[in-house]
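Novice: Handing you a structure now.
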2 protein chains.
Amino acid sequence: MDKFDFDQFLTRVLQHPTFEQCGVELHYKKGDHLFSQGEVCRDVFCMRSGLVKFYFNTLEGKEWIKSFIVDKGVLGSRSSQLLEMASPFSALCLEDTEVVRFPYKRFEEVCFEDLELARTIFQFSQWLGLKKELREYQLLCLSAEEGYQAFVDANPTLVDRLTQIDIARYLGITPIALSRIKKRLA
Amino acid sequence: MDKFDFDQFLTRVLQHPTFEQCGVELHYKKGDHLFSQGEVCRDVFCMRSGLVKFYFNTLEGKEWIKSFIVDKGVLGSRSSQLLEMASPFSALCLEDTEVVRFPYKRFEEVCFEDLELARTIFQFSQWLGLKKELREYQLLCLSAEEGYQAFVDANPTLVDRLTQIDIARYLGITPIALSRIKKRLA
DNA sequence: CATTTTTATTAACCTAGGTTAATGCACGCT
DNA sequence: AGCGTGCATTAACCTAGGTTAATAAAAATG
């Protein structure tokens, strides 16, 4: 469960009659938003390919990146889905991205009818929990330099698909600081 | 779902025949560990009263606090439960604490038999996800001063039960820095 | 009740990272 | 091709927080 099999996950979910019926295939271009901070977005996005960043815009006009979703995955705004609240963050495509979109409520309903699917989704949410735990650890315990190294080690191919600005915003530092760190390490 | 009803949760879980049978009531004293970093702990702890901190010890000999569990809650080490890995953090009682302990595997098994319980646990894990999202936001986007204010606002009564050291370790700063922040705010 | 052991505060100094601004590159665009 | 926009680097300066250390108050501990 260290790595999660999204191919299998997507197959299982998207083959389900409910989602074959209510799922909408969408092709987003680089620069498009899946949803934006401040909106309520009750959907689930099953991502087949592409690259998406979740980011916050602060009151001081700064941007911080919550996470990247790479190639395949499942995404959405939890607080919108569960509490019908405005999403606290935006989802922006950094590359052309293909998704199937459907309402979260359907997802929840199906979960309690189809035990096999419930199990699959349970596994996904456990995996996500582990990832979030790691992120929390890195933000809390690692210096900027350690955090950068950990990010590069864990995502060797992703690094080349991102700007230094976005990597820095993910680590919680400025691009200038990241430039200095890279110089220090080289 | 903004606040989670642990009274109801604990009642439902602990009334279940499986946990009435395999659950062990334990009374920990202030200073006791529920489990320690480096050990595998496959248990779930249903907490009835007390105060527990989850903390990391880094290689440089520093301590950082992952979270506090206050009064009532459910806790354990996810990576131990799911992956049978050594826990990356320790759980220490800051006050006398009463729990019921049982193996996580049982928990998982029961979930797939008892749909009502599965629903309850699903709600809990969603609530936990929301909490972790907020924590991620605060670590990533807030300054130490903003983080302290947010912590005090969200946990007005908890603050008096913690030392300044532990609050600082939770915010990711030193107690000295927190002392300066308090002075600045007063 | 006296004695360690923790905790909180403050001061002096240090350092990593933030800020502003200038420069040179590498693109995507018409 | 030529233009503009965004990206990466570097420098100079500033600031929040880290470090060490001294002090005093408050808790545990016997």
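The values are calculated or read from the model by the stated rules, or taken from the named source; none is laboratory data. Predicted model only: the values in this text are computed from it and were never measured. Glycine also receives a Cβ, built like all others from the backbone with ideal geometry; neighbour counts cover every protein chain displayed. Please note that ligands, DNA and RNA were not included when accessible areas were found on the heavy atoms of the full protein model with its side chains. Shrake-Rupley method; radii C 1.70, N 1.55, O 1.52, S 1.80 Å.
Novice: Could you sort the residues of segment B:97-130 by number and keep only those whose accessible area is reduced by 50 Å² or more in the all-protein-chain setting relative to the chain alone, 1.4 Å probe?
Specialist: Flagged in segment B:97-130: B:PHE112, B:LEU115, B:PHE122, B:GLN126, B:LEU130.
Novice: Straight-line reach from B:LYS30: which lysines have a Cα under 19 Å away, not including same-chain ones fewer than 8 places off?
Specialist: B:LYS53, B:LYS66, B:LYS72
Novice: Place the label 7 angstrom along Cα→C-beta at A:GLU20 and in each other copy, then list the distances from the first to the rest in nm, shortest first.
Specialist: Those separations, rounded to one decimal, come out as 4.4 nm.
Novice: For segment B:1-47 and segment B:81-155, what is the centre-to-centre distance using only Cα atoms, to the nearest Å?
Specialist: 12 Å
Novice: So what is the orientation-averaged projected area of the protein assembly as shown, using the convex hull of its C-alpha atoms, in nm²? Present the calculation step by step, with values, prior to reporting the outcome.
Specialist: On the way: hull surface 75.8 nm².
That works out to 18.9 nm².
Novice: Report, ordered by chain and residue number, the aspartates and glutamates lying within cross-link reach of A:LYS183, taken as a straight Cα distance under 19 Å and ignoring same-chain residues fewer than 8 apart.
Specialist: List returned: A:GLU145, A:GLU146, A:ASP153, A:ASP160, A:ASP166.
Novice: Next question, about the same structure. What quantity of accessible surface, computed with a 1.4 Å probe and excluding non-protein components, is buried in total between chains B and A, in Å² to the nearest 100?
Specialist: Working: alone 10870 and 10850 Å², together 18380 Å².
Separately minus together, B and A give about 3300 Å² buried.
Novice: Per residue, how large is the accessible surface of segment A:1-156? Use a 1.4 angstrom probe and give square angstrom.
Specialist: Details: 7370 Å² over 156 residues.
Computed with neighbouring chains in place, this is 47 Å² per residue.
Novice: Ignoring ligands, DNA and RNA, please state the percent of accessible area on the protein assembly as shown from carbon and sulfur, probe 1.4 Å. Before the final figure, lay out each step's value.
Specialist: On the way: 9230 of 18380 Å².
The nonpolar share, carbon plus sulfur, comes to 50 percent.
Novice: Another question, then. If you build the convex hull over the alpha carbons only and average its shadow over all orientations, what do you get for chain A? Give it in nm² to one decimal. Before the final figure, lay out the partial values.
Specialist: On the way: hull surface 43.9 nm².
Result: a mean projected hull area of 11.0 nm².
Novice: May I ask you to list, by number, the DSSP H helices of chain B whose Cα span along the axis is at least 30 Å and whose average Kyte-Doolittle hydropathy reaches -1.0 or more?
Specialist: Working: long enough: B:115-141 (38 Å, -0.03).
Passing helices, by number: B:115-141.
Novice: Which distances, shortest first and in nm, link B:GLU146 to the matching position in the other copies, using label points set 7 Å out along Cα to C-beta?
Specialist: Once sorted, the set of distances for B:GLU146 reads 2.4 nm.
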